[in-house]
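Here the structure is laid out as structure tokens; the discussion comes afterwards.
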Amino acid sequence: MGESIELTENQKAWLRLETLMAVMERARNLELAKSGLNIPQASVLYCLKSSSEPLTPMKLARMMHKQPHTVSALVHRMETQGLLTTKRDMKRKNWLRVSLTKKGEEALKRWAVATTVPDALSCLSKKESDTLYAITKKLHNRGLELLRQMQPDPYSEPLFW
């Protein structure tokens, strides 16, 4: 066999976090499948319901921290399923406005009562829950900072034709 690799404490913590998220995501997707949804679809429905303004696929992508083409494809699949509708913006013809349908509203209600997996956090004490929130908020902000560093502004580079 090859040499063993010694991981740093940060790498070990990262692997533990990654494994935790994979397990919880799989469980949540199995739970949501009973209501005909998956996590990305539920996220889109929730964003649409909770937004105070009309949303475009681009705004949804930003809210969900996903690539625009990924969200656009998701929106079109969800439209085919009857969960939402898209309409061209009358003022800005190149914009597509996304809105919930009655079927999407019903799916969102089913999502809201599917709480077995999120309720797994109830095994934490109030202090542990508050600590987890503070830690995840700090890591989220650091992750956004890393994304900004790794994805420079596409317009800052000179174009070569």
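Here, each number is a calculation from the coordinates, and none is a lab measurement. No experiment lies behind these values; they were computed from the predicted model shown. All Cβ positions, glycine included, derive from the backbone under ideal geometry; neighbour counts span all protein chains shown.
Does segment 16-152 come out rounded, prolate or oblate, given a ≥ b ≥ c as the square roots of the eigenvalues of its C-alpha gyration tensor, rounded meaning a/c under 1.5 and, failing that, prolate meaning a/b above b/c?
Details: a/c = 2.19, a/b = 1.35, b/c = 1.62.
Oblate.
A crude spin-label estimate for the pair LYS127 and GLU53, with each label 7 Å from Cα along the Cβ direction, gives 4.3 nm.
Within a Cβ distance under 14 Å of GLY143, other residues only, what is the Lys/Arg minus Asp/Glu net charge? Around GLY143, the surrounding residues sum to +3. Each Lys or Arg adds one and each Asp or Glu takes one away; over the other residues whose Cβ falls under 15 Å from the Cβ of LEU74, this sums to +3. Other residues with beta-carbon under 12 Å from the beta-carbon of ALA33 carry, at +1 per Lys or Arg and -1 per Asp or Glu, a net charge of +3.
Placing +1 on the Cβ of every Lys and Arg and -1 on the Cβ of every Asp and Glu, with nothing else charged, gives segment 59-151 a dipole about its Cα centre of roughly 560 debye. Ordering 49-62, 97-110, 2-15, 128-141 by mean Cβ neighbour count within 10 Å, with the highest value first, yields 97-110, 49-62, 128-141, 2-15. In this structure, the pairs whose alpha-carbon distance is over 21 Å, taken from LYS49/LYS103; LYS66/LYS102; LYS109/LYS138; LYS12/LYS126; LYS49/LYS127; LYS34/LYS103, are LYS66/LYS102; LYS109/LYS138; LYS12/LYS126; LYS49/LYS127.
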